[in-house]
Amino acid sequence: MKQVSKSRFFVFCYAVLLLLTFYGCSNTRYLTEEEELCVSVKLKVNSDVKVDKKEIKKELDKIAVPKLNRQTFGVRAKLWIYNATGKAPKKGVKRWLKNKLGEPPYLMSKIDPDKVSEMMVSRLNSLGYFNSKVKYKVSSKEKKGEIEYTAIVVTPYMINSMTFPTESDSLNSRIRATHYKTLIKKGERYDLDVFKNERARIDLILKNQGYYYFNQDYLLFKADTTVGKRMVNITLTVKTDIPEKAKTQYTLEEIYIMPAYTTIADSLKGKADTVEIEGYHYINTDSTFHPKVIIRSVVLKKGELYNRKAHNLTINRLMGIGVFKFVSIKYTDTIIDNKGKLNAYLYLTQMPIKSVQAQLEVITKSNNYTGPAATLSFKNRNLFKGVELYIFNMNGGFEMQFGATQKRFNSYELGASAQLYIPKFVTPFHIRNVSSMFVPKTKFDLGFRILHRVLYFNMNAMHFAYGYTWKETAQKEYQIDPISINFARLITTTDAFELLLQQNNFLRKSFEQQFTIGSKCSFTYNSLVAMDKKNQYYFNATLDLSGNTIYLFQSLANSRPATQEDPYKVMGFVYSQYSKILTDSRYYLWINERSKIATRFLAGVGIPYGNSNSMPYIKQFFSGGSNSIRAFLPRTVGPGGYVLPDNAVKTGFLDQAGDIKLEGNAEYRFNIISVLKGAIFVDAGNVWLIRKNAELPEGEFNINRFQKQIAVGTGFGLRIDVSFFVLRFDLGIPLRKPSIVDENKWVINKIAFGNNAWRGQNLVLNIAIGYPF
């Protein structure tokens, strides 16, 4: 390939930039004489008194600033596509481009500055800034229009007092009893949103006390501004004309459960057979479930006051057991002897109990193995009529490793697994669920797989786990596996792989001790479920233990201690003994609806001891690859400052591992056009050994020099995001290489995009499915 000089390369980039700028500027030539493109809407907040201008501007921006035509690097690409494809293409690619990728111009005629100003004044009033004003100025040049609003804000009104209803009837007395939790505080600014939240707070309390027909619209706030000094007295009252039902407390009378309701016919399936159990009427049409299994998820109780919390809790628990597609609760009311009575009807629409699913997909792994895979899955959501979920999977696939030394069909895998989830704690002793909202689950997981890696080995692997999963809240989840067993065994190996094991004792020990028997526990906090939050967090901590209990018993029973030459065994196999912990912390900052900053920090350590002097291969840490430090090939970073010999590189078995891992990642993610997203990223980290190893010089962790062994990379990414599927391309560029023998490991000054040899040795293209974190 002919080498391209740096000067020509940058001239080309400059020409492309000029071309894009030209097209971006030429959008106005498609407008008529009367039309103007709105290119800017600005807002200023002025005040002669001390006010929170930042908060006011944030609130008014929601009204003042429309969604103008998007710009990327100063170019309105979507608008250009809309214009360039013609006025009204009837079919073909142009029509698709115009309607799917294009964006119509946002014209000045769409904006009514007088109306917008009125809306902003109204919003200022709702925030307590009464008598404030909003002015605007419109300017235009060369078919481009701009609007600048100026809000002149005065001193806000403050709360002087808050008075609750004084009437002595039951409803008003209960409202008055909530005063100590009021959101309206003396000395705080008048805020209409706070009043709305206060009404919702009182309404929920009343709903939980049996007032089924009460509505928050029945609450009325009266404001008295005659106090002076821009202070206001607030009085809460109940409207006088509310229905009698709204003043009545209701008690649950009869509760009917219909577990085979169908929305299609708006009726029950089959012949109904009502079973009276624990005070409930269970309409047992087809005996699909054991009635007690369904009833234990119902929190509504006969004879108790209607409670909105119990209503929502019942729906959440019934949906959480995983066999119902829809759950709804309807009520009918009567008043007997001036007492309200409610009959509750629980309509439960089942999912298909049994299902078979075939899935074809492309799998990408952290070590850049990519290839097609197929999975055949059978599900039974009610195995023993106790809503137990049983899943049986058979899968297979073959993979190629892109970007590594071997670029050929070099791995295939076949496997089968079975999981059973029981919707309760299955233990010899009683365990109380920490949350009444979420149903706990007991898990049994058994699986087997065959892995064939061309030119190296054939391996069989088996796993078994027994454990529990439960949620404390929607954000907090726990998982404990008291029993977790993994067993992997090399069946056949090639001469090349045997030679590799002879040359690398550390790798040999890692493959020998592939039998782990212990327990795992993890905690996850995930606020990503709240999609409307500007700041989002994710944290996971996993503790993995192996061999400790069995080692204790064997050491007590044996007269000899375990040694490296003669370790303890179970059924003739050496087992691993270690403690490992890994934390994954993430923070996401939404800048606006089209861009955000995503960060991640990984920290982990695995310590072998007792029966082991090295971590098993499947439990070691690796760095580099599409979900790690993307400027380096997978598993080629570290350990520490270790330099891989040339003969090892030629074998193609690049699995550089460690016992300690530190890694940080940061991305700026932004929309480019339609489903095409972009990202600029920086990755840094490495792996280290817990102990010094003569075969891997400078591979151990040293507190005084580990920071000098950090690998750093940067790059640019393109992602095709169609919500249910994300295809990712990340081009990584190394900035710092810990394997360089020189003291200065930074290689920024050696970047040469125009040099073929440099590109071949340094640029790493990662192709993957899904986001890296």
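The values are calculated or read from the model by the stated rules, or taken from the named source; none is laboratory data. None of these values were measured; they are calculated from a predicted model. As a convention, Cβ positions derive from the backbone with ideal geometry for all residues, glycine included, and neighbour counts pool all protein chains shown. Heavy atoms of the whole protein, side chains included, go into the accessibility calculation; ligands, DNA and RNA do not. Shrake-Rupley method; radii C 1.70, N 1.55, O 1.52, S 1.80 Å.
Data for the structure
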{"quantity": "Residues satisfying the stated conditions in the range 272-289, i.e. open to solvent by less than 60 Å² (accessible area, probe 1.4 Å), touching a strand residue (DSSP E or B) at 6+ places or on another chain (Cβ under 6 Å) and not aliphatic (A, V, I, L, M)", "calculated": "Tyr280, His281, Tyr282, Asn284, Thr285"}
{"quantity": "Matching entry among Lys596, Lys569, Lys619 (being open to solvent by 10 Å² or more (accessible area, probe 1.4 Å), among the basic types (Lys, Arg) and free of Cβ contacts under 8 Å to residues at least 40 places away in the same chain)", "calculated": "Lys569"}
{"quantity": "Criterion: modelled with pLDDT under 85, of a type outside the set (A, V, I, L, M, F, W, C) and surrounded by fewer than 19 Cβ atoms within 10 Å (Cβ to Cβ) - qualifying residue of Gln419, Gln406, Gln401, Gln357", "calculated": "Gln406"}
{"quantity": "Residue within the range 423-435 that is under 16 Å from Arg317 (Cβ atoms), of a type in the set (Gly, Ala, Ser), touching a Lys or Arg at 6+ places or on another chain (Cβ under 8 Å) and open to solvent by less than 70 Å² (accessible area, probe 1.4 Å) present", "calculated": "yes"}
{"quantity": "Identity of the residue in the range 454-482, β-branched (Val, Ile, Thr) and open to solvent by less than 40 Å² (accessible area, probe 1.4 Å), that ends up nearest to the chain's Cα centre (by Cα)", "calculated": "Thr469"}
{"quantity": "When residues of the range 483-505 are limited to those that are in a strand (DSSP E or B) and open to solvent by less than 60 Å² (accessible area, probe 1.4 Å), the one nearest to Pro428 (Cα to Cα)", "calculated": "Ser484"}
{"quantity": "Among (1) surrounded by fewer than 17 Cβ atoms within 10 Å (Cβ to Cβ); (2) among the aliphatic types (A, V, I, L, M); (3) farther than 23 Å from Tyr771 by Cα; (4) out of contact with any Cys (no Cβ under 6 Å at 6 or more places or on another chain) - the single one Ile591 does not satisfy", "calculated": "(3)"}
{"quantity": "Exclusive hit being touching a Ser or Thr at 6+ places or on another chain (Cβ under 9 Å), modelled with pLDDT of 90 or more and crowded, with 24+ Cβ neighbours inside 10 Å, set Ser628, Ser614", "calculated": "Ser628"}
{"quantity": "When residues of the range 572-593 are limited to those that are free of Cβ contacts under 8 Å to residues at least 40 places away in the same chain and outside any loop (DSSP other than H, G, I, E, B), the one nearest to Ala541 (Cα to Cα)", "calculated": "Lys580"}
{"quantity": "Filter pass, Ser297 being closer than 30 Å to Glu472 by Cβ, polar (S, T, N, Q) and buried (at least 17 other Cβ atoms within 10 Å of the Cβ)", "calculated": "yes"}
{"quantity": "Output for the range 179-214, where each listed residue is part of a loop (DSSP other than H, G, I, E, B) and surrounded by 15 or more Cβ atoms within 10 Å (Cβ to Cβ)", "calculated": "Thr182, Leu183, Ile184, Tyr190, Asp191, Asn208, Gln209, Gly210, Tyr211, Tyr212, Tyr213, Phe214"}
{"quantity": "The range 642-664, subset open to solvent by 20 Å² or more (accessible area, probe 1.4 Å), within 34 Å of the chain's Cα centre (by Cα) and charged (D, E, K, R), residue modelled with the highest pLDDT", "calculated": "Lys661"}
{"quantity": "Total residues in the range 691-707, condition open to solvent by 50 Å² or more (accessible area, probe 1.4 Å), under 25 Å from Ile748 (Cα atoms) and under 33 Å from the mean Cα position of the chain (by Cα)", "calculated": "1"}
{"quantity": "Which numbered condition Leu60 misses (of (1) farther than 17 Å from Gly102 by Cβ; (2) at pLDDT below 90)", "calculated": "(2)"}
{"quantity": "Any hit, the range 596-603, residues being under 30 Å from Asn69 (Cα atoms) and small (Gly, Ala, Ser)", "calculated": "yes"}
{"quantity": "Tally of residues being closer than 29 Å to Lys443 by Cα and surrounded by fewer than 15 Cβ atoms within 10 Å (Cβ to Cβ) across the range 327-352", "calculated": "3"}
{"quantity": "Close pairs (8 angstrom Cβ cut-off, 6 or more residues apart or separate chains): closer than 18 Å to Arg189 by Cβ and touching a residue at least 12 places away in the same chain (Cβ under 8 Å) in the range 210-230, assigned to a strand (DSSP E or B) and open to solvent by 70 Å² or more (accessible area, probe 1.4 Å) anywhere", "calculated": "none"}
{"quantity": "Close pairs from the range 159-184: first closer than 18 Å to Ala223 by Cα, partner acidic (Asp, Glu), Cβ under 6 Å, at least 6 apart", "calculated": "Ile159/Glu188; Leu183/Glu198; Ile184/Glu198"}
{"quantity": "Output for the range 310-319, where each listed residue is of a type outside the set (S, T, N, Q) and open to solvent by 30 Å² or more (accessible area, probe 1.4 Å)", "calculated": "Ile315, Arg317, Met319"}
{"quantity": "Filter pass, Val605 being surrounded by fewer than 21 Cβ atoms within 10 Å (Cβ to Cβ), modelled with pLDDT of 90 or more, among the β-branched types (Val, Ile, Thr) and part of a strand (DSSP E or B)", "calculated": "yes"}
{"quantity": "Residue count for the range 510-563, restricted to those that are in contact (Cβ under 8 Å) with a residue 40 or more places away in the chain, part of a loop (DSSP other than H, G, I, E, B) and among the β-branched types (Val, Ile, Thr)", "calculated": "1"}
{"quantity": "Any hit, the range 386-393, residues being open to solvent by 50 Å² or more (accessible area, probe 1.4 Å), farther than 23 Å from Lys441 by Cβ and either of a type in the set (Asp, Glu) or at pLDDT 90 or above (or both)", "calculated": "no"}
{"quantity": "Top-ranked residue in the range 123-154 [being closer than 17 Å to Lys44 by Cα and of a type in the set (Ser, Thr, Tyr); ranked as surrounded by the fewest Cβ atoms within 10 Å (Cβ to Cβ)]", "calculated": "Ser139"}
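Residue-wise test of (1) at pLDDT below 95; (2) closer than 26 Å to Thr334 by Cβ; (3) within 41 Å of the chain's Cα centre (by Cα).
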site: Thr166; (1), (2), (3): yes, no, no
site: Lys181; (1), (2), (3): yes, no, yes
site: Tyr213; (1), (2), (3): no, yes, yes
site: Tyr218; (1), (2), (3): no, yes, yes
site: Leu236; (1), (2), (3): no, no, no
site: Thr240; (1), (2), (3): yes, yes, no
site: Pro259; (1), (2), (3): yes, yes, yes
site: Asp266; (1), (2), (3): yes, yes, yes
